[in-house]
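Notes to accompany the following structure.
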Amino acid sequence: MSNRIDARFRTLAESGRKALIPFVTAGFPDPEWTVPVLHELVAAGADVLELGVPFSDPTADGPVIQAASERAIANGVSLGRVLDMVARFREQDDRTPVVLMGYMNPVERYGYDAFAADAAAAGVDGVLMVDCPPEEMEALRGALDARGICTICLVAPTTTEARMERIARWAQGYLYYVSFKGITGADRLDAPSLAAPLQTLRRHSNLPVAVGFGIKGPASAAAVAGLADGVVIGSALIGELDGADSQEAARNRVRAFLAPVRAAMDNTGP
């Protein structure tokens, strides 16, 4: 299976660049701002977009993303509305990969086949379910495979090598390596310590490896980009959006935040 994710990582590898993957929660701070913010992120240098599906109990997320989910839910943002946002984004951008990141409950309520069909129609390229190990995702995986949507898998610092090998057999698109034990937003990133586990992971998979959790800005993004194929940045970006009082302010804030991150990553060298 090949889609926008594979094509984007191939292009990046050919040019010696690393993927910048910002995460934002759909519907935060305002549902009408999400699509313009996504376009602004691309303009500022994003290569892949991770769009968070609001959920009431986001167990892997820290207080910043939890609060964003709560506000989005209060704004009436459902999984169906998230898919509508992707479809609106696709009206102007048919090239940038979009990955939905979330939890299984909303998808189960929606129905696997219906979700996969509607996600494909909207233009979703990948799905990452934080609370669902590969072994429990067989039914959803089948529905996604049938429509060319990648199943993105997480690998944690506690993952054994045998388990890495098993996950690698399931994964598509890219592997998401969690930089430390804990929740998103914590300030515990130790970039040099990533070298060994990423080397181990690459022994079992040819997929690109993106690293997330604890990346706060240009310096930490550049440090991780020197080791990984992609850098995921979420909580710090959500924090920037939290202070915006208008759509224009939101767009200005994400551009001002992300552009220096892109520049720092591009200056890391091959």
By its C-alpha gyration tensor, with a ≥ b ≥ c as the square roots of the eigenvalues, how is region 4-264 shaped: rounded for a/c under 1.5, else prolate for a/b larger than b/c, else oblate? rounded
Summing -39500 (n - 2.57) over the DSSP H runs of n ≥ 4 in the chain and dividing by its residue number, what mean residue ellipticity at 222 nm do you reach, to the nearest 500 deg cm²/dmol? -14500 deg cm²/dmol
Can you give me the long-range amide H partners of C153? Hydrogens built in the peptide plane at 1.01 Å from N, cutoff under 5 Å, separation of 5 or more residues or another chain. Q172, Y174, Y176
Which one, T25, T96, T158, has the greatest fluctuation when you compute a Gaussian network model over the chain with C-alpha springs under 10 angstrom? T158
Highest GNM mean-square fluctuation, the chain, Cα pairs closer than 10 Å: which of M137, M104, M164? M137
Given backbone amide H placed at 1.01 Å from N, residues whose amide H is under 5 Å from that of T25, ignoring those fewer than 5 places away on the same chain, are G52
Return C153, C132 ranked ascending by Cβ neighbour count within 10 Å, so the fewest neighbours appear first. C132, C153
Which of rounded, prolate or oblate describes region 12-80 when judged by the alpha-carbon gyration tensor and an a/c cut-off of 1.5? prolate
Between D57 and T200, what is the label-point separation in nm under the 7 Å Cα-to-beta-carbon projection? 3.1
Quick one: which residues, 5+ away or cross-chain, put their amide H under 5 Å from the amide H of S78? H built at 1.01 Å from N. none
Among Q66, A256, M129, which residue has its Cα furthest toward the positive end of the charge dipole of the chain, with +1 on Lys/Arg Cβ and -1 on Asp/Glu Cβ? A256
Would you list Y176, Y112 from fewest to most Cβ contacts within 10 Å? Y112, Y176
So what's the gap between the Cα centers of region 1-23 and region 118-185, to the nearest angstrom? 17
By the scheme Lys and Arg +1, Asp and Glu -1, what is the net charge of all other residues having a beta-carbon under 13 Å from that of A263? +3
Under a point-charge model restricted to the Cβ atoms of Lys and Arg (+1) and Asp and Glu (-1), what is the dipole moment magnitude of the chain relative to its Cα centre, in debye to the nearest 20? 700
Selected from R95, R255, R109 as most flexible by GNM, with the chain as the system and alpha-carbon contacts under 10 Å: R109
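Only the coordinates and a few stated rules stand behind these numbers; no lab work does. Bear in mind the structure is a predicted one, so any value in this text is a computation, not a measurement. Glycine gets a Cβ as well: all are built from the backbone with ideal geometry, and neighbour counts include every protein chain shown.
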